[in-house]
Amino acid sequence: MRVVVIGGSAGSIEALRVLLRELPAGLNATFVIVVHISPTQPSLLVPILASFTPMPVREALDKAPLAPGEVLIAPPDYHTLIEECDPPTVALSRDPEVLFSRPAIDVLFETAAHACGTKAVGVLLTGGNEDGANGLALIQNHGGQVAVQDPTSAVSPEMPMAGLAKCIPDLVGNPRALGGWLASLLAPSKAT
């Protein structure tokens with residue numbers, strides 16, 4: 001099973017809407033998503049994103065095993081980490097903010113790189129800071145595959161530009177192209 005980690009900030013809900021619509025049910029992967037959201041208000045990401053995909057969408061729970069074909073959303077004010085990859089497990093942490101964010105994309109990406117190696121896939125979307133760029137490079141350095149939203153299609157290009165400065169991704173594309181790439185990469189005949 002692959003573990004696909006996706007991160008974004010400003011403008012990423014629309015990007016996720018387009019990306020998730022390209023993904024069919026039945027993929028042998030778990031999708032774990034970090035979006036920078038307010039730590040003081042309940043998150044509406046689960047019902048919003050559930051309307052864009054046939055896969056079940058739920059908030060990540062501490063120490064819960066990951067299952068193929070599901071989408072997990074980082075809860076407000078908690079870093080979301082991947083602890084192991086066989087079987088993959090998610091963990092939550094209240095460690096200090098990273099780049100003024102908790103949940104932070106880099107925390108998710110870096111732990112996925114260490115835990116899952118070549119089974120990790122990272123996607124960095126639109127956003128207004130460089131969170132996720134270091135983690136994306138680490139995923140690639142550990143043999144995983146990575147993709148970055150084309151900065152020209154981003155509401156806030158700073159995040160994808162930071163990702164492009166740190167690595168040479170397998171794909172740079174708009175959200176629809178990113179979703180199509182993931183669907184092809186994770187198709188049952190190609191998934192590892």
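The values are calculated or read from the model by the stated rules, or taken from the named source; none is laboratory data. Please read all numbers here as calculations on a predicted model, not as lab measurements. With ideal geometry, Cβ positions are generated from the backbone for all residues, glycine too; neighbour counts draw on all protein chains shown.
Does segment 111-127 contain at least one residue that is part of a strand (DSSP E or B), touching a residue at least 24 places away in the same chain (Cβ under 8 Å) and farther than 23 Å from LEU171 by Cα? The answer is no, given that none of the residues of segment 111-127 is part of a strand (DSSP E or B), touching a residue at least 24 places away in the same chain (Cβ under 8 Å) and farther than 23 Å from LEU171 by Cα.
Scanning segment 89-107 for residues that are in contact with a helix residue (DSSP H, G or I) (Cβ under 7 Å, 6 or more places away or on another chain) and closer than 15 Å to VAL32 by Cα turns up ILE105, ASP106. Residue check: ALA162 meets all listed conditions (1) surrounded by fewer than 19 Cβ atoms within 10 Å (Cβ to Cβ); (2) in a helix (DSSP H, G or I) but one, namely (1). If you check GLY179, GLY135, GLY173 for being in contact (Cβ under 8 Å) with a residue 24 or more places away in the chain, over 20 Å from VAL32 (Cβ atoms) and among the small types (Gly, Ala, Ser), only one passes: GLY173. Select from segment 174-189 the residues that are among the small types (Gly, Ala, Ser), assigned to a helix (DSSP H, G or I) and farther than 12 Å from VAL148 by Cα and list them in ascending order. Selection gives GLY180, ALA183, SER184. When SER43, SER38, SER93 are checked against the criterion of being of a type outside the set (A, V, I, L, M), more than 21 Å from ALA120 (Cα to Cα), surrounded by fewer than 16 Cβ atoms within 10 Å (Cβ to Cβ) and more than 16 Å from the chain's Cα centre (by Cα), SER38 stands alone in meeting it. If you check GLY127 against the conditions, is it in contact with a Leu (Cβ under 6 Å, 6 or more places away or on another chain), buried (at least 24 other Cβ atoms within 10 Å of the Cβ) and modelled with pLDDT of 95 or more? For GLY127, the condition - in contact with a Leu (Cβ under 6 Å, 6 or more places away or on another chain), buried (at least 24 other Cβ atoms within 10 Å of the Cβ) and modelled with pLDDT of 95 or more - is not met. Restricted to segment 134-144, and to residues there that are under 17 Å from LEU178 (Cα atoms) and over 12 Å from the mean Cα position of the chain (by Cα), the residue that is surrounded by the fewest Cβ atoms within 10 Å (Cβ to Cβ) is GLN140.
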